[in-house]
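**Student:** There's a structure below that I have some questions on.
The values are calculated or read from the model by the stated rules, or taken from the named source; none is laboratory data. Note that the coordinates shown come from a computational prediction; the quantities given were computed from them, not determined experimentally. Here the Cβ positions follow ideal geometry from the backbone for every residue, glycine too, while neighbour counts run over all protein chains shown. Heavy atoms of the whole protein, side chains included, go into the accessibility calculation; ligands, DNA and RNA do not. Shrake-Rupley method; radii C 1.70, N 1.55, O 1.52, S 1.80 Å.
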Amino acid sequence: MSAPEPALSPLAPPGFLDALARGIGQVMLQDNRWAGLLFLAGVAFNSIPLGLAVVLGTAVSTGTALALGADRTAVRCGLFGFNGALTALALLVFLEPAALTWALIALAAATSTVLMAAMQRLLQPWNLAVLTAPFVFTAWCGLLATGRLGRLEPTLLLPTATLPDAARVEGVVGAGTVLEGLLNGVAQIFFQQGAVAGLLFCAGLALASRQALVAALAGSAIGLATGWIGGAAEPALRAGLYGFNPALTAIALWTVFLRLDLAGALYGALACVASANLFAALSAGLAPFGLPALTFPFVAATWVFLLAAPKLASLRPRA
Amino acid sequence: MSAPEPALSPLAPPGFLDALARGIGQVMLQDNRWAGLLFLAGVAFNSIPLGLAVVLGTAVSTGTALALGADRTAVRCGLFGFNGALTALALLVFLEPAALTWALIALAAATSTVLMAAMQRLLQPWNLAVLTAPFVFTAWCGLLATGRLGRLEPTLLLPTATLPDAARVEGVVGAGTVLEGLLNGVAQIFFQQGAVAGLLFCAGLALASRQALVAALAGSAIGLATGWIGGAAEPALRAGLYGFNPALTAIALWTVFLRLDLAGALYGALACVASANLFAALSAGLAPFGLPALTFPFVAATWVFLLAAPKLASLRPRA
Amino acid sequence: MSAPEPALSPLAPPGFLDALARGIGQVMLQDNRWAGLLFLAGVAFNSIPLGLAVVLGTAVSTGTALALGADRTAVRCGLFGFNGALTALALLVFLEPAALTWALIALAAATSTVLMAAMQRLLQPWNLAVLTAPFVFTAWCGLLATGRLGRLEPTLLLPTATLPDAARVEGVVGAGTVLEGLLNGVAQIFFQQGAVAGLLFCAGLALASRQALVAALAGSAIGLATGWIGGAAEPALRAGLYGFNPALTAIALWTVFLRLDLAGALYGALACVASANLFAALSAGLAPFGLPALTFPFVAATWVFLLAAPKLASLRPRA
């Protein structure tokens, strides 16, 4: 967290590798590439896959920061790397190493970068460092989601919960699931299901803004796909439970708050995926209390992605 | 959330109805009355009572905003309606439709307006929209309270909790309950019970400020009444557990922070009711952890009502 | 919370005693010494030990505020006393009165003062009073920790949790526990154990900053000692689980953010102890969800102690 050395472009390979090494060093608050390499050696000595996870997590979170236009000096010091490194480690320690786990690691590392930028703005009034909070929150969500997404399998290292148990994949997703789920994803915004209610809501949206209708359906589809890939229960997918939060997130980010250029479109899509995963996590996390997740995944994801936006030069507010 | 049309007075009936329709539209972020009407049609097609709940929730939250002096333009755009609409829906979906449920819906919708104003101020430093957060928090509290208030009955749609089970009404409230409960509501501020301790605390208050003594007893009485109506266990009412948080809330709002005119008196009373309900909710919500609620309901309710006050022109700070 | 009387030095005995009486009065928001004395009488009438706890808690929290250089006028009005009074009460009501409980009361009262200063800064943008929030959070942590620290015994008044049960002391701590635990406390920052990984991490730290290495080991030692004294399970101590959060806290406070003079050293040590206790509390509190605590105890403790620092004149930021 001290002043950086004279900066090469962090996009150029040597600069990028240097940022990675410093990112691993920043796990212990050291802006020092050699420290980072020794830390990596310590992890890799115990486990090569964990060492690879550290490199992958740091690279994806650092790369995402560059792609989204985060502050170059901060990227160069590794400040967008250490949360990705730790998130990757936590997920690979506590989840079985399947292909889906590696995909989740990449996704979570990218999301940790958005959360880093969001928390930098959040803590700005108090001039407070973000520390490893983005890692903690991202990892907790990924681990909680095992209570709802049947294809994420916890290892024996994860503490056993009273509730919820790790989910198993239930039912088979077919064309009916997708068609009903898509429309129900809009209908569930008002706690409803069924074609008529869904179509009336779509008609209302179309009347107000055709863009909003397209966003809602696209968000519902992204949520459905995210739940499906993760192994959510078929009845939940059919009922639209994975769709209503991403549908709202899509309306908010794509049609109300951010400009819908390429960066904005991809950023909004990432927010929709995060929204669906947050639904799985929160739904599992609220099980001990017997509470439904309601629209909090939409609220939380939208707040995080809106907070982060002014720190990310690739994104522009809607005029 | 776009610019409003040339504003009629939102108090005049056509303006008020227009604000309601837009409020329902804002559930999907659309400031459009026709969208709102179609959304309402979609809900009512599935269930007339749910449709009525949407109208009631929107009307009470919008009306509360007008009565408390919230920004007219925001009210006109439906920004004080959508959280009430959703809160009403959630409570009627997850609670059996008794008279008490409808009363709770009205109360929760009014409270969601205060929470909206509070969160607008809370998020001001980041220029962040409140979205549906007031609905989520209000609904969670209402649903959690079923773990302590025996007259609120959850439907089968509410997920089952490990702990707490839905409460049953226990014991019979009599004159002894009320007298002991009233004084114990003050004594519990120091974790005490009994007439001598209670009277010594009252003497201390009287010495410092007679107004504070009256506020404490009135707050304790409001809390006791709230718990009683909701069906709280008689031993808890007698022990003053429903009284100590509202007693502190009453001292804070009525005698320290706000001017005690009619609006301030009613606003403080609403805060006391919210405090008692928050105690029920938090006490149930902390059951999985084995923790007591302590004075957090007082802290949270007072923060919310103080945060909101500068946004509500009817309320004035104490000079 | 009204204007103070002409201030004697709060360090002088009569001034200090006056601040204590007012601190007890502030539990009900009264800046009045006689109210405070009557409140104390009410508690002592029911139980002499509880009365002593009130005096001890108020004295330690007020004394800590003076030692750390908090605002004299606020100290004089009792604003740094009431949270200590309540914390002491809660801990003695819900924990068996052993010597360790009294030590915890003193520690918690001191910590509540840091939390008070931290929350004053946190709420400054909204000009909001802290109220009894520091008491609530400190007491919850102390009570949750009974789920992990076997020497803290809850009384029958504490609600029973589903999970976790109150911990029992497990295993015997020996020289091996201490040696392994010390190094593993550094290794666990990267989810690792073992001498080689630990030494590679230490080498990396030494290379970046010898001060950081010393801080990390000292933090790990403080965490180990805290867990040991509290009665944490021997395998957890050996694995370094009580060390990695304090190790990071020590690096952050002692070598990155604060000047390392005597006040800074003691303040950082208190933060390390708080970090270790927070680990016990959070680890127990997350049991219903099956989640590990990760580095959140480090993040939370460091935020609190950094937020508070500018309000405490004895502490200086690193240039």
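**Student:** Checking the a/c ratio against 1.5 first, then a/b against b/c, what shape does the Cα gyration tensor give for the stretch B:161-319?
**Tutor:** On the way: a/c = 1.94, a/b = 1.28, b/c = 1.51.
Oblate is the answer for the stretch B:161-319, as a/c is 1.5 or above yet b/c matches or exceeds a/b.
**Student:** Provide the solvent-accessible area of A:Trp228, counting protein heavy atoms only and rolling a 1.4 Å probe, rounded to the nearest 10 Å².
**Tutor:** Counting only protein heavy atoms, A:Trp228 exposes about 110 Å² to solvent.
**Student:** What is the spread of the Cα atoms of the stretch A:35-137 along each of their three principal axes, largest first, in whole Å?
**Tutor:** Largest first, the stretch A:35-137 extends 40, 29, 23 Å along its Cα principal axes.
**Student:** Give me the inter-chain shielding for B:130-137: mean count of other chain Cβ atoms within 10 Å, whole number please.
**Tutor:** For this peptide, the per-residue mean of nearby foreign Cβ atoms is 6.
**Student:** For chain B, set up a Gaussian network in which alpha carbons nearer than 10 Å are linked by springs, and say which option among B:Leu253, B:Leu182, B:Leu104 fluctuates the most.
**Tutor:** B:Leu104
**Student:** Same structure, new question: With Cβ to Cβ distances under 11 Å as the rule, what net charge do the other residues near B:Gly227 carry (K, R +1; D, E -1)?
**Tutor:** +2
**Student:** While we're on this one: In nm, give the distance between the simple-model label positions of C:Glu96 and C:Leu262, each being 7 Å from the Cα along the Cα-to-Cβ direction.
**Tutor:** Label-label distance for C:Glu96 and C:Leu262, simple model: 3.9 nm.
**Student:** Across the residues of A:300-306, average count of Cβ atoms on other protein chains within 10 Å?
**Tutor:** The per-residue average across the peptide is 3.
**Student:** In whole Hz, with x marking every Gly and Pro, tabulate ³J(HN,Hα) for the stretch A:234-241 from phi via Karplus 6.51 cos²θ - 1.76 cosθ + 1.60, θ = phi - 60°.
**Tutor:** With the stated coefficients, the stretch A:234-241 comes to 4, x, 5, 5, 4, 6, x, 5 Hz.
**Student:** Moving to a separate point now. Sorted from shortest, what are the nm distances separating the label point of C:Asn127 from equivalent points in the other copies, each placed 7 Å from Cα along Cα to C-beta?
**Tutor:** Sorted ascending, the copy-to-copy spacings read 2.3, 2.3 nm.
**Student:** Partner chain Cβ atoms within 10 Å, averaged over the residues of A:184-195 - can you pull that number for me?
**Tutor:** On the way: counts 0, 0, 2, 3, 0, 6, 14, 12, 9, 1, 3, 0.
Partner-chain Cβ atoms within 10 Å, mean over residues of A:184-195: 4.
**Student:** Same structure, new question: Relative to the longest principal axis of the C-alpha atoms of chain B, give the angle of the C-alpha long axis of helix B:48-68, reported between 0 and 90° and rounded to the nearest 10°.
**Tutor:** 70
**Student:** Distances from B:Arg316 to the same position in the other copies: list them in nm, one decimal, shortest first, using label points 7 Å from Cα along Cα→Cβ.
**Tutor:** Taking the point 7 Å beyond Cα along Cα→Cβ, the inter-copy spacings are 4.8, 4.8 nm.
**Student:** Provide, for q = 0.07, 0.13, 0.15, 0.16 Å⁻¹, the log10 of I(q)/I(0) from a solvent-free Debye sum over equal Cα point scatterers in chain A.
**Tutor:** Scattering profile of chain A, log10 relative to I(0): -0.28, -0.93, -1.17, -1.28.
**Student:** Add -39500 (n - 2.57) for each DSSP H run of 4 or more in chain B, then divide by its residues: what number comes out at 222 nm, to the nearest 500 deg cm²/dmol?
**Tutor:** Details: 14 runs with 200 residues, N = 319.
Result for chain B: -20500 deg cm²/dmol, rounded to the nearest 500.
**Student:** Could I ask something else about it? Could you pull the copy-to-copy label distances for B:Trp34, with points set 7 Å along Cα to Cβ, in nm to one decimal and sorted shortest first?
**Tutor:** 7.1, 7.1
**Student:** Which FRET efficiency value, to the nearest 0.05, is calculated for B:Ile229 and C:Ser47 with the Förster distance at 56 angstrom and r the Cβ-Cβ distance?
**Tutor:** So, using R0 = 56 Å, E works out to roughly 0.95.
**Student:** For chain C, what's the relative contact order in percent, using C-alpha pairs closer than 8 Å and at least 6 residues apart?
**Tutor:** Reported relative contact order: 17 percent.
**Student:** Another one. So which residue, out of C:Ala187, C:Ala88, C:Ala109, gets the largest mean-square fluctuation from a GNM of chain C using Cα contacts under 10 Å as springs?
**Tutor:** Top of the fluctuation ranking is C:Ala187.
**Student:** How high is the relative contact order of the stretch A:204-319, in percent, with contacts defined as C-alpha pairs under 8 Å that are six or more residues apart?
**Tutor:** So the answer I get is 27 percent.
**Student:** Moving on. Over the stretch C:1-158, what is the relative contact order in whole percent, taking alpha-carbon pairs under 8 Å and six or more residues apart?
**Tutor:** 22
**Student:** Please work out which residue of chain B brings its Cβ closest to the axis of the rotation superposing B onto C, and round that distance to whole Å.
**Tutor:** Spelled out, residue of B and its Cβ distance from the axis onto C: B:Pro288, 3.
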